[in-house]
Amino acid sequence: MAGELVLLDFWPSPFGMRSRIALAEKGIPYEYREEDLRNKSDLLLQMNPVHKKIPVLIHNGKPVCESVIQVQYIDEVWHDKAPLIPSDPYQRAVARFWVDFIDKKIYELGSKVWKTKGEEQANAKKEFIECLKLLEGELGDKTYFGGESLGYVDVALVPFYSWFYAYEKCGDFSIEAECPKMIAWVKRCMQKESVAKSLPDQEKVYEFILQLKKVFGIE
Amino acid sequence: MSKAKLVILDCWVSPFCMRVKIALNEKGLEYEAQAEDLFGGKSELLLSSNPIYKKVPVFLHDGKPLCESLIIVNYIDETWSSPPLLPPCSYGRAQARFWADFIDKKVFDACGNIWRSKGEVPVEAKKEFIEILKQLEEALGDKDYFIGTTFGFVDIILIPLTSWFFAVEKIGGFTVEAECPKFSNWMKRCLQRESVAKVVPPPEKVYEFVLMFRKMQGID
């Protein structure tokens, strides 16, 4: 069942982090391969010819692309360890809804926060906080979105925490001040080794963003 | 509210609603489709069941709402297992989900870039649309359906979008059959299924709707 597992990834990618966390939660060994996105490997282009993007999970030579599909695949194949996705079909559908919401909103809005200025940035910040507040509402009083243990929504969302410092510096605001419950949840997640080991240092991500801004000519 | 156990908040021309109805038909399930007036005023039930997006389809199972068509179709497949819409093995399911995601990300927007354009349709828009269909043709290969020999998840996600292709062809000045004959054959095969034929409106009717929408938006 284990076979050979390779993850083609890029260290600051929140999408790659999702698969790293899922594999770590289940204690599954794999080979991590860093991609240079300015010079993509032949393997990446061969394994993901449609999108040419990371992360790609290669299991016994067969590729699985798209992070949410990878997390579902990992959970199905290694179903006996640390289940991430609810077993009840309705709860599963609700979890998928929130993961889809995160995918539609958080990355796009976060990107606007660091890429833009003025009114566009102000609108992005406002909407970003509104989305985090909606997620806080879904979390409620639970320890994790998955209940007592880390679940699908936690795995999908927590990687973006590694970008929060960069968003805050570029956007000149404090996420903790606006969404304290969200940050409290993040801190609980970061106490888990599977999460702490999978997320890069926030300052490192901020430096990376600053470099990207230079490359794109964004001041 | 209706006493029906399965309800879909619906709009006849929405390909996303069609997906849900086809899935329910495939499973032989009875349901009530409540038509929403998306221009006149959305119902209280729609606004309260889908407060975040306020969109159709919404699927209600014993009053419990679910939103987003891909998620709803997955739920229907997991709750009523026969006949299965997804393959049994994990890798096959990952492949099916990949193509459903590709279709969701690309096809409707590419259609929109053609039918929403004012004046002459940009060449890039037509080129992109055809390229997407060719990628799907490649995924289909020589199979009858996207996942082998049986009509399933990917076919259900894609076939409703093709009801908008006639409008795209008329406005774009090309035909899918000429550009992507394999794809066109797959379309005809799916449209022969009763579960699909009962749900997908005649392409001319969708074209009339698109023309009316263009007028409303000031494009025509």
Quiz item: If you check every pair at least six apart or on different chains, which have Cβ atoms under 6 Å apart with a residue in segment A:131-158 that is over 21 Å from A:A22 (Cα atoms) first and a residue that is in a helix (DSSP H, G or I) second?
Solution: A:C131/A:K105; A:L132/A:M182; A:E136/A:K181; A:E136/A:M182; A:E138/A:W98
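Working only within segment A:114-140, note down all residues that are touching a Lys or Arg at 6+ places or on another chain (Cβ under 6 Å) and either closer than 26 Å to B:D104 by Cβ or not assigned by the TED database to the domain that holds A:E178 (or both). Show your work before the answer.
To start, the set of residues in segment A:114-140 that are touching a Lys or Arg at 6+ places or on another chain (Cβ under 6 Å) comprises A:124, A:131, A:136.
A:A124, A:C131, listed by residue number.
So, in segment B:63-76, exactly how many residues are assigned to a loop (DSSP other than H, G, I, E, B) and within 10 Å of another protein chain (Cβ to nearest Cβ)? It would help to see each step written out before you state the result.
Initially, segment B:63-76 is screened for residues assigned to a loop (DSSP other than H, G, I, E, B), giving B:63, B:68.
After this cut, where a residue has to be within 10 Å of another protein chain (Cβ to nearest Cβ) as well, the list is B:68.
Going through segment B:63-76 one residue at a time, the tally reaches 1.
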Self-check item: Selection from segment B:121-166 of residues that are assigned to a helix (DSSP H, G or I), of a type in the set (D, E) and in contact with a helix residue (DSSP H, G or I) (Cβ under 7 Å, 6 or more places away or on another chain)
Solution: B:E128, B:E137, B:D155
Quiz item: Looking at (1) more than 30 Å from B:E78 (Cα to Cα); (2) aliphatic (A, V, I, L, M); (3) outside any helix (DSSP H, G or I), can you tell me which one B:A178 breaks?
Solution: (3)
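What helices (runs of 4 or more DSSP H), lying completely within segment A:1-113, carry at least 1 residues that are under 17 Å from A:S194 (Cα atoms), within 11 Å of chain B (Cβ to nearest Cβ) and not small (G, A, S)? Spell out the reasoning first.
Values: elements: A:14-25, A:42-47, A:67-77.
Per the criteria, A:67-77.
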Practice problem: Please enumerate the residues belonging to segment B:43-56 that are facing another protein chain (nearest Cβ under 10 Å) and outside any loop (DSSP other than H, G, I, E, B). | Solution: none
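Matching residues to (1) of a type outside the set (V, I, T); (2) in contact with a Lys or Arg (Cβ under 7 Å, 6 or more places away or on another chain); (3) assigned to a loop (DSSP other than H, G, I, E, B); (4) more than 24 Å from A:K126 (Cα to Cα):
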site: A:I183; (1), (2), (3), (4): no, no, no, no
site: A:V186; (1), (2), (3), (4): no, no, no, no
site: A:L199; (1), (2), (3), (4): yes, no, yes, yes
site: A:L210; (1), (2), (3), (4): yes, no, no, no
site: A:K213; (1), (2), (3), (4): yes, no, no, no
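Can you name the residue in segment B:77-112 that is outside any helix (DSSP H, G or I) and without any contact (Cβ under 8 Å) to a residue 60 or more places away in the chain and, of all such residues, is farthest from the other protein chains (Cβ to nearest Cβ)?
Within segment B:77-112, the match that is farthest from the other protein chains (Cβ to nearest Cβ) is B:S82.
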Quiz item: Limited to segment B:188-213, what total is found for residues that are surrounded by 15 or more Cβ atoms within 10 Å (Cβ to Cβ), part of a helix (DSSP H, G or I) and either touching a Leu at 6+ places or on another chain (Cβ under 9 Å) or not assigned by the TED database to the domain that holds B:I157 (or both)?
Solution: 2
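Looking at B:D155, B:D109, which one is of a type in the set (D, E), crowded, with 21+ Cβ neighbours inside 10 Å and either assigned by the TED database to the domain that holds B:Y75 or within 26 Å of A:E66 (Cα to Cα) (or both)? Break it down into steps so the answer makes sense when it comes.
Numbers: B:D109 fails: crowded, with 21+ Cβ neighbours inside 10 Å.
Of B:D155, B:D109, the one residue that is of a type in the set (D, E), crowded, with 21+ Cβ neighbours inside 10 Å and either assigned by the TED database to the domain that holds B:Y75 or within 26 Å of A:E66 (Cα to Cα) (or both) is B:D155.
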Quiz item: Can you tell me which residues in segment B:1-55 are surrounded by fewer than 22 Cβ atoms within 10 Å (Cβ to Cβ) and small (G, A, S)?
Solution: B:S2, B:A4, B:S14, B:G28, B:A33, B:A35, B:G40, B:G41, B:S43, B:S48, B:S49
Practice problem: Give me the pairs, please: first residue somewhere in segment B:181-199 and more than 21 Å from B:K27 (Cα to Cα), second residue anywhere and not aliphatic (A, V, I, L, M), beta-carbon distance under 6 Å, and either six or more positions apart or on two chains. | Solution: B:K182/B:E137; B:F183/B:E137; B:S184/B:E177
Quiz prompt | Test result for A:D141, over 20 Å from A:G217 (Cα atoms) and assigned to a loop (DSSP other than H, G, I, E, B) | solution = yes
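Consider B:E138 carefully, then state whether it is modelled with pLDDT of 95 or more, over 16 Å from B:I156 (Cα atoms) and facing chain A (nearest Cβ under 10 Å). Outline the logic, then answer.
Working: modelled with pLDDT of 95 or more: yes; over 16 Å from B:I156 (Cα atoms): yes; facing chain A (nearest Cβ under 10 Å): yes.
Here the answer is yes, as B:E138 does meet what is asked.
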Exercise. Quick one: which residue in A:K62, A:K53 is outside the structural domain of A:I209 (by the TED database), farther than 28 Å from A:Y165 by Cβ and of a type outside the set (A, V, I, L, M, F, W, C)?
Key: A:K62
Self-check item: Set A:K105, A:K126: member being surrounded by fewer than 20 Cβ atoms within 10 Å (Cβ to Cβ) and closer than 21 Å to A:M17 by Cβ
Solution: A:K105
Quiz item: So B:F59 fits all but one of (1) in contact (Cβ under 8 Å) with a residue 12 or more places away in the chain; (2) away from chain A (no Cβ under 11 Å); (3) closer than 25 Å to A:E138 by Cβ; what number is the exception?
Solution: (2)
Quiz item: In segment B:29-36, is there at least one residue being touching a Lys or Arg at 6+ places or on another chain (Cβ under 7 Å) and within 28 Å of A:E127 (Cα to Cα)?
Solution: yes
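Out of all the residues in segment A:84-115, which are more than 11 Å from A:V153 (Cα to Cα), touching a residue at least 60 places away in the same chain (Cβ under 8 Å) and not aromatic (F, W, Y)?
Within segment A:84-115, the subset more than 11 Å from A:V153 (Cα to Cα) is A:87-91, A:93, A:104-115.
Narrowing further to those that are touching a residue at least 60 places away in the same chain (Cβ under 8 Å): A:107, A:114-115.
The answer is A:K115, and nothing else.
The values are calculated or read from the model by the stated rules, or taken from the named source; none is laboratory data. Every value quoted in this text rests on a predicted model; they were computed, and no experiment measured them. As a convention, Cβ positions derive from the backbone with ideal geometry for all residues, glycine included, and neighbour counts pool all protein chains shown.
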